[in-house]
Every structure is written in structure tokens, then in C-alpha cells.
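Okay, structure first, notes after.
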Amino acid sequence: MEACETEEVRDADAYMKLALQQAKLALNNVEMPVGCIIIEDGTVIASGRNRTTETRNATRHAEMEAIDNLLDQWQKKGLSKAAIAKRFSNCTLYVTCEPCIMCAAALSILGIKEVFYGCANDKSGGCGSILAMHTSQPEWSTRDRVSNRKGFKCTGGIMASEAISLLRSFYERGNPNAPKPHRTPMLFGLG
């Protein structure tokens, strides 16, 4: 049993390293350094990085980029909505920072099986830091428990220090795309 757990940790680290590569691409393009990959049956089938500045679209988070790339692939293959839903239910996402509320809700609606993330997102985390969008019945919901959200398993803290380091480097140099006047670069504790 212990050997299996060690193998899973090695796999999680290897997959998170791929997500960190996407985050570095985002950083090199003066974007918030968040990156992700989607795995199905041990194979990377999609990747994404933050592109909010590049696209001038605040919804272009790493997770949404990867989801849209994957949906495009599957639709071009002629997969039905039911087939796409079944495929998503077998997928795992690795992302460098806890998905925000928007991304966690989208992942839940799509029915992704599992999410592994690096550091917590204390400002807008949707996997427990702010809201628990990964659960199928959030405690904050006052409506009847009728929802199209399926929920997913979520594990944080995978290579968190590396993810935090990338975020710190982004904030230390300041964001040249921030509205004028620029905020001064700042140091803070993430996670």
C-alpha cells in the first residue's frame, strides 16, 4: 500500500511540474502565473495558462482555456454531449493555484473527477478557501438541493512553494498592465 501511495505522489509531482511550465509561460507573457493540465487515463489531453491580459477577457483563466481547448477537440471529433460528459467524469485537473469560484463552479458543472492544486487562493478560492464549489451541495445554498453541479474530489498543497514563488515574482516586479497609477510592487505571504 505504501509503495502505491509513493507512486501517486510521484505522479502528482510530475503532473504539477507540467502545470508549472504553463504558469511560467503565463509569467513570461506578463500574465498572472497560473497554469494547468487535464489528464485522462494517465495522458495529458489539454493544457492552459492565464490569458486574461492577452485576450482582454477576465474569464480566460488557465482552467477555462484548457476546458475550451478540450471541448473544441471533442466537438471536432463529433462527440455527443453525453459522450463529452462521460469523458470529463474520467478526467483530472492539475492547476498551480486553487481554482477561483468561477472555475471551480465550471469544473463542477462539467463533472470533472478530481482536481489537484498547488497553493490556496485566499482571495477567490472555490475549493474551500472562500467557497466550496467542489461539493455537490454547498452549505451556503438556500435553494432546494436541485443543481446541475456534480462536485469533485479536491486536494491542495501539491508543490505549493513553487506555485507561490511564481506568484511572488509576478507581484514583486509589479504588473505593467495594471491601470495607472501602478500599484507599487509588494511582498506578501500567499497560501
- Task: Evaluate the following for T142: is it at pLDDT 65 or above and of a type in the set (S, T, Y)?
- Result: no
Only one of N69, N121, N50 is open to solvent by less than 20 Å² (accessible area, probe 1.4 Å) and not aliphatic (A, V, I, L, M), namely N50
By residue number, the members of segment 61-94 that are in a helix (DSSP H, G or I), out of contact with any strand residue (DSSP E or B) (no Cβ under 8 Å at 6 or more places or on another chain) and in contact (Cβ under 8 Å) with a residue 24 or more places away in the chain are A85, F88
Being assigned to a helix (DSSP H, G or I) and at negative phi narrows A46, A26, A58 down to just A26
Exercise. For E63, state whether it is among the acidic types (D, E) and under 10 Å from the mean Cα position of the chain (by Cα).
Key: yes
Can you confirm whether segment 33-40 contains a residue that is outside any strand (DSSP E or B), hydrophobic (A, V, I, L, M, F, W, C) and surrounded by fewer than 20 Cβ atoms within 10 Å (Cβ to Cβ)? no
For K81, the lone unmet condition from (1) closer than 15 Å to A26 by Cβ; (2) at pLDDT below 95; (3) basic (K, R) is (1)
Of the residues in segment 95-133, those that are in a loop (DSSP other than H, G, I, E, B) and without any contact (Cβ under 8 Å) to a residue 40 or more places away in the chain number 10
### Query
Regarding L20, is this residue modelled with pLDDT under 95 and crowded, with 19+ Cβ neighbours inside 10 Å?
no
Per the list (1) open to solvent by 30 Å² or more (accessible area, probe 1.4 Å); (2) under 15 Å from C36 (Cα atoms), residue check on V115 breaks on (1)
Of those in segment 145-191 that are modelled with pLDDT under 70 and within 20 Å of C119 (Cα to Cα), the residue surrounded by the most Cβ atoms within 10 Å (Cβ to Cβ) is L190
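The values are calculated or read from the model by the stated rules, or taken from the named source; none is laboratory data. Nothing here was measured: the structure is a model prediction, and the numbers come from that model. Here Cβ is always computed from backbone atoms with ideal geometry, including for glycine, and neighbour counts include all displayed protein chains. Only protein heavy atoms, including side chains, enter the accessible area calculation; ligands, DNA and RNA are left aside. Shrake-Rupley method; radii C 1.70, N 1.55, O 1.52, S 1.80 Å.
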